[in-house]
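Note sheet for the following structure.
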Amino acid sequence: MKLVVIAEDDPDTGRLIGQALEERLGVRTEHVTNGALVIDALAAAPPDLLILDVSLPGLNGVDVFDLVRASGHCADVPVLFVTAAPERAQMAIERRGVCEVLTKPFDLAALVARVDLLLAKVAAV
């Protein structure tokens with residue numbers, strides 16, 4: 001079963017995303033609420049996809065992304081930034097090659113469709 005780590009500091013939003021992905025795509029999700037917990041989650045079990053909010057407490061999403069890309073075991077994990085600050089995520093795309101950015105507020109069906117496409121790309125490799 002595919003694993004999606006959701007890094008979202010708002011518990012309700014994280015729970016909503018997780019439930020939608022589990023119900024509609026049949027994936028397993030893990031929700032974390034700050035940047036340091038993302039690093040811990042990735043060390044425990046490399047995911048098939050990381051959904052990353054830019055504005056996380058502690059380490060922000062862009063810093064977390066830099067650490068993920070610098071790590072050996074998770075450097076190729078696709079990342080979907082879900083953020084109310086798309087300009088910050090856009091800078092990460094230009095400098096670091098992030099897969100996708102989805103702006104908050106987002107349509108849940110659009111998020112599920114994006115995740116489905118990203119997971120299909122991972123499976124095809």
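Sort out which residues of the range 106-122 are among the basic types (Lys, Arg) and over 13 Å from Ile51 (Cβ atoms), and write them in order of number. Hit for the range 106-122 is Lys121, nothing else.
Please determine, by comparing only the residues of the range 1-29 that are acidic (Asp, Glu) and under 14 Å from Asp53 (Cα atoms), which one is surrounded by the fewest Cβ atoms within 10 Å (Cβ to Cβ). Steps first, please.
Here is the first cut: in the range 1-29, the residues acidic (Asp, Glu) are 8-10, 12, 22-23.
Those still in the list that are under 14 Å from Asp53 (Cα atoms) too: 8-10, 12.
Values: Glu8: 25, Asp9: 16, Asp10: 13, Asp12: 8.
For the range 1-29, the residue satisfying everything is Asp12.
Scoring Val98 on the criteria (1) outside any helix (DSSP H, G or I); (2) at pLDDT below 85; (3) loosely packed, with under 14 Cβ neighbours inside 10 Å leaves a single failure, condition (3).
For the range 40-64, give me each residue that is assigned to a helix (DSSP H, G or I) and crowded, with 24+ Cβ neighbours inside 10 Å.
Start the filter on the range 40-64 by keeping residues that are assigned to a helix (DSSP H, G or I), which leaves 40-44, 61-64.
Gly61, Val64, listed by residue number.
The values are calculated or read from the model by the stated rules, or taken from the named source; none is laboratory data. Since this is a predicted model, take the numbers as computed values, not measurements. Reconstructed Cβ throughout: ideal geometry from the backbone, glycine too, with neighbour counts over all protein chains shown.
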